[in-house]
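One structure is given here, and the rest of the page talks about it.
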Amino acid sequence: MGYVTGDGTVGKAIAVLDQVASFGRPVRFTEVLADSDLPKPTLYRFIQSLTNQGMLVYDPERQTYAPGLRLLRLAHSAWAVSSLAPIARPFLDDLSAQVGEAVHLAQIDNGQVLFIDKRRASAGYETLAQAGQVAPAYCTGVGKVILAYMSEEHREIALQQQAFHSYTDATHATPKTLLDELSVIRKEGVAYDREEHQTGIISIAAPILTARKRVIGAMSIATSTARHSLEGLEAFRPILLETAAKIGAEAQAWRSPM
């Protein structure tokens, strides 16, 4: 599920919660059991405990489990306190209005990109990225630029969490090719998604850095190949870097959990 489960009972319970949430719909116990490595009695005990604590909700009529409202309250608190989204919102609005393209804001979580906000300026195309969704770091513009600016220690851990599944012909298939590109990204200051995660969708991404150059997130301008070429994205570089710098400066008083 992407989370470490070696933290005893708490770790296993969180893994079960994450497993239920991953279905994206109300799910029956038998479905969770079929997708779990836990013995049936152990899994049932965890699900009952999570339900009793309001982390899951049970529908007796349909006999299904779903994430509970307590999770919603926690998520709202995390969004407000630990997320760049509230700080970045006015800057995203302004950038999207100026470029007329989709703008993504992301942070990294357990080696995966978590999209925390999105502005969609055109109805002519749609990207897979939606606020609240996760995506691989190795084949997205925002993910690659965060990896490039991470400390060597954190980057090594994050690279071990990449699957290197080939979504398209342009996807990095090995850590070697990704590492070569990360070196280029650090020199150029931006990363490109060359249809690596979704055919027909390209982007240019910039890191959001603190004054000490610690990466706390990333943002991108995404578009379709029907609207722009990769070379054409270069025109967005100045305003993208300027906006990322403004968000980084605004976030100076905010303490990142990364």
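Taken together, the values in this text are just the output of simple stated rules run on the coordinates, not laboratory data. Since we're looking at a predicted model, the values are computed, not measured. Here the Cβ positions follow ideal geometry from the backbone for every residue, glycine too, while neighbour counts run over all protein chains shown.
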The chain - percent relative contact order, Cα under 8 Å, separation 6 or more
15
Can you figure out the FRET efficiency of Ser229 with Glu250, using R₀ = 30 Å and their beta-carbon distance, to the nearest 0.05?
0.40
Calculated P(r) over Cα pairs in 10 Å bins from 0, in percent (choose from [x] 7, 33, 40, 19, 1, 0; [y] 7, 30, 39, 22, 2; [z] 7, 28, 31, 22, 10, 1), label
[z]
Residue-averaged [θ]222 nm for the chain, counting only DSSP H segments that reach four residues, each worth -39500 (n - 2.57):
-13500 deg cm²/dmol
Output the DSSP H helices from the chain with an along-axis C-alpha extent of no less than 15 Å and a mean Kyte-Doolittle hydropathy no less than 0.5.
8-22, 69-82
Need the full-extension length gain, Ser183 to Leu74, defined as separation in residues times 0.36 nm minus the C-alpha distance. One decimal, nm.
35.5 nm
Among Ile87, Ser229, Gln133 the positive-end extreme of the charge dipole of the chain (Cβ point charges):
Ile87
Report the paramagnetic label zone for Thr199: residues of the range 149-175 whose backbone N is under 20 Å from a point 7 Å from Cα along the Cα-to-Cβ axis.
164-173
Would you mind checking the pairs Lys144/Lys246; Lys144/Lys187; Lys12/Lys144; Lys213/Lys246; Lys118/Lys213 and listing those with alpha carbons more than 19 angstrom apart?
Lys144/Lys246; Lys12/Lys144; Lys118/Lys213
Cβ-placed point charges (K, R +1; D, E -1), dipole of the chain about Cα centre in debye, nearest 20:
640
What residue among His165, His197, His104 shows peak mean-square fluctuation when the chain is described by a Gaussian network model with Cα springs under 10 Å?
His165
